[in-house]
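Student: For reference, the structure I am asking about is given below.
The values are calculated or read from the model by the stated rules, or taken from the named source; none is laboratory data. The structure presented is a predicted model; accordingly, all values stated were derived computationally and were not measured. Ideal geometry is used to build each Cβ from the backbone, glycine not excepted, and the neighbour counts take in all protein chains shown.
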Ligand code: UTP
């Protein structure tokens, strides 16, 4: 794209301020900015005015989870089916590590955070060790895809390479970068993070499959015969990945996606709850639960909306390809966005100053026809690290690791 074309695009979208410092840039910076302008979808910034509004929701109904008691009864059957699929190379893992981890407040990728007390125990290490348990039990290497973003890609790759992937087989690890979206003020004017660069942020945790396709990894999936992809968050240091029992249960249920869920610890706990929305699987956010929904009971007299999601899903690959071209809703999230002020000075805001635009995995699930919510024991599988202290923090995760006999 040349300067004239860039001006035309910016003019049309009310973003001419992007070129304010253009004349001060060197040739390489000019070219980089023109390329960024060419690649940026400014249309999405019009959604800034929808901040906090959310999209219209349909009619919610409960979706029964496969509970621990049922799982115990069928554990051998589920595990056998899961082990068979893993041994046949049909199951891959995909780590979502493209997030910014702003709440944790470290400049490094979240997975590089060291939660050890007497020795090094990095978040990435905990995750890989958990996956290695399954590799050993099934005597099969599972392809591990790792999604990064342009903000943390180099550091992530460098770190894991230096640590020899914590014992994982290097040629069974594939990195890919997720797409970025521009970040703007509340009027939809894109922020500049440098004189020659607009502010961007990763486009949300639903960006993973389209980014995989963009990276051409569908060829790898097809060549290797991968039929199931277990996606999981970087920050849960206890989660089991490609857990054969969960894999088998999802396959035997004939579901297009399996979702690990935990029993909520209070009716108003701030987790998304697995449910049906207009008859299709979905997730209702805790703040969307009406009193009536909180009071609703299932056949056994237990709360009907009782199982929270932990961002650990097993997706059927052909089903993902079927929905890949669908436009997912855009969520407008208020965040702190670093920028340069009128004098060209960098500012790191203390409080939210604008919007990021994200697509969320819950909307992907809603596109699918069937979902199996699969209960896991919270204390054994859910230790998320979002903050340094308090709820879902380094502190709480350390406590839970200790309870599970993990040395820190
Ligand atoms: P969170 O919603 O906790 O976001 O991500 P975050 O960016 O890591 O943290 P904060 O909100 O800035 O503190 C849940 C999971 O989804 C991944 C994260 O890396 C994490 O594993 N994620 C999130 C992505 O991979 N890409 C995104 O665009 C957003």
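Student: Going by what's in this entry, would residue 146 be described as under 18 Å from the mean Cα position of the chain (by Cα), part of a helix (DSSP H, G or I) and within 21 Å of residue 311 (Cα to Cα)?
Tutor: Criteria not met by residue 146.
Student: So how many residues does the range 143-157 have that are touching a helix residue (DSSP H, G or I) at 6+ places or on another chain (Cβ under 6 Å) and either away from the ligand (no atom under 16 Å from the Cβ) or within 18 Å of residue 114 (Cα to Cα) (or both)?
Tutor: Of the residues in that region, 1 qualify.
Student: What residue, of 340, 323, 241, is touching a strand residue (DSSP E or B) at 6+ places or on another chain (Cβ under 6 Å) and under 21 Å from residue 96 (Cβ atoms)?
Tutor: Residue meeting the stated conditions: 241.
Student: Next question, about the same structure. If residue 231 meets every condition in (1) over 17 Å from residue 324 (Cα atoms); (2) crowded, with 23+ Cβ neighbours inside 10 Å apart from one, which number is that one?
Tutor: Looking at each condition in turn, residue 231 falls short on (1).
Student: Could you list all residues from the range 352-362 that are outside any strand (DSSP E or B) and surrounded by 21 or more Cβ atoms within 10 Å (Cβ to Cβ)?
Tutor: Result: 359, 361, 362.
Student: So, one more: Given the conditions (1) surrounded by 21 or more Cβ atoms within 10 Å (Cβ to Cβ); (2) in a loop (DSSP other than H, G, I, E, B); (3) out of contact with any strand residue (DSSP E or B) (no Cβ under 7 Å at 6 or more places or on another chain), which single one is not true for residue 349?
Tutor: (1)
Student: Which one is farthest from residue 248 (Cα to Cα) among residues in the range 98-140 that are part of a helix (DSSP H, G or I) and within 11 Å of the ligand (Cβ to nearest atom)?
Tutor: Within the range 98-140, the match that is farthest from residue 248 (Cα to Cα) is 110.
Student: With the requirement that a residue be closer than 18 Å to residue 337 by Cβ, part of a strand (DSSP E or B) and within 15 Å of the ligand (Cβ to nearest atom), what does the range 158-215 give you?
Tutor: Result: 180, 181, 182, 200, 201, 202.
Student: Scan 328, 320, 372, 311 and give me the residue that is touching a residue at least 40 places away in the same chain (Cβ under 8 Å), in a loop (DSSP other than H, G, I, E, B) and either under 23 Å from residue 86 (Cβ atoms) or in contact with a helix residue (DSSP H, G or I) (Cβ under 6 Å, 6 or more places away or on another chain) (or both).
Tutor: On inspection, the qualifying residue turns out to be 328.
Student: Quick check on the range 87-99. Is at least one of its residues modelled with pLDDT under 95 and surrounded by 12 or more Cβ atoms within 10 Å (Cβ to Cβ)?
Tutor: yes
Okay, residues lined up against (1) at pLDDT below 95; (2) over 20 Å from residue 89 (Cβ atoms):
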residue	(1), (2)
201	yes, yes
205	yes, yes
232	no, no
237	no, yes
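Student: Which of the residues spanning the range 47-86 are touching a strand residue (DSSP E or B) at 6+ places or on another chain (Cβ under 6 Å), modelled with pLDDT of 95 or more and either in a helix (DSSP H, G or I) or at positive phi (or both)?
Tutor: Across the range 47-86, the qualifying residues are 68, 85.
Student: Between a first residue in the range 378-402 that is on the phi > 0 side of the Ramachandran plot and modelled with pLDDT under 95 and a second residue that is within 14 Å of the ligand (Cβ to nearest atom) and not in a helix (DSSP H, G or I), which pairs have beta carbons less than 7 Å apart while being 6 or more apart in sequence or on different chains?
Tutor: From the range 378-402, the pairs are 392/384; 392/385; 392/386.
Student: On to the next question. Residue 387 passes all but one of (1) surrounded by fewer than 21 Cβ atoms within 10 Å (Cβ to Cβ); (2) within 14 Å of the ligand (Cβ to nearest atom); (3) closer than 24 Å to residue 19 by Cβ; which number fails?
Tutor: Among (1) surrounded by fewer than 21 Cβ atoms within 10 Å (Cβ to Cβ); (2) within 14 Å of the ligand (Cβ to nearest atom); (3) closer than 24 Å to residue 19 by Cβ, the lone unmet condition for residue 387 is (3).
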